[in-house]
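Nothing in this text is a laboratory measurement; each read-out follows from the coordinates by a stated rule. The shown structure was predicted, so the numbers you read here are calculated from the model rather than taken from an experiment. Counting neighbours? That spans all protein chains shown, and the Cβs are built from the backbone with ideal geometry, glycine included.
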Amino acid sequence: MIAKNFEQVHRHIVGAAERVGRDPGDVRLVAVTKEHDTDTIAEGLRAGAKVLGENKIQDAQGKIETLGHDGMEWHFIGHLQKNKVKFIFDLFDLIHSVDSAALAEAIHEKAQARGTCMPILLQVNVSGEASKFGMDPDDAPEVIHRLASLEGVKIKGLMTIPPFDADPEKSRPYYVRLRELRDSCAKLAFPNVSLDELSMGMSNDYEVAIEEGATLVRVGTALFGPRPSTK
């Protein structure tokens, strides 16, 4: 079943990209493994998963210890608390959810102490929802400028989570806004910053996200089925 789900999602990724003249190879699937056990994740790996997304440090630690890093990437996609920053370096290849300059600076400090650099995406609250994490879109250029000189982090792009709606078209305006924000920030040509990545789109709306420029789509339910806690 999982293998068939992966085939279907990949077909939809290709179709969405081709509809707008994009190269499907420019879109990476982040298989969201939240709450799923290692046997289920291993089945996803056999089905072709290359990038796995986790949203809790404590859950990711055991899974990564068991499954390793060979031939795959682990991305952190949940809310990251400052007191958990010290754990991310041995676990993750990319942090999608850096929602403030202060958090980025905390990552930078820990990275510097380790002599390394952590690739990050800046989470932007394009919907303005009080319940969502992320910086105000209007603040993003200033934040990027503030962080550009930090050697412990490397800004690779932007991420957002729109309000959930069963109609994927309702997500489109938020994805358009994130892409336009990325494009306007890219024109400012901040040194040591690349804004190639747009992390947007989940199981219900990833095709719309791809049509609007997503390079990373975070898909869980469409691949693995409902999470155990929601069954």
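Tabulated data for the structure shown
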{"item": "For region 116-162 and region 44-109, distance of Cα centres in Å", "result": "16"}
{"item": "Relative contact order computed over region 108-231 (Cα-Cα under 8 Å; 6+ residues apart), in percent", "result": "23"}
{"item": "Calculated log₁₀ intensity ratio I(q)/I(0) where the Debye formula runs over C-alpha points of the chain, q = 0.07, 0.08, 0.10 Å⁻¹", "result": "-0.21, -0.27, -0.43"}
{"item": "Ala42-Ser149 pseudo-label distance in nm [points 7 Å out on the Cα-to-Cβ vector]", "result": "5.0"}
{"item": "Span-like helix ranges in the chain, DSSP H, alpha carbon extent 24 angstrom or more, Kyte mean at least -0.5", "result": "2-19"}
{"item": "Inter-label distance, nm, simple model (7 Å from Cα along the C-beta direction), Lys56/Lys4", "result": "3.0"}
{"item": "Candidates Ile77, Ile41, Ile210: whichever shows maximal mean-square fluctuation once the chain is modelled as a Gaussian network with Cα springs under 10 Å", "result": "Ile41"}
{"item": "Glu73 paired with Arg172, simple spin-label distance in nm, labels 7 Å along Cα-to-beta-carbon", "result": "2.9"}
{"item": "Highest-fluctuation residue, Arg46, Arg218, Arg28 considered, GNM on the chain with Cα pairs under 10 Å", "result": "Arg46"}
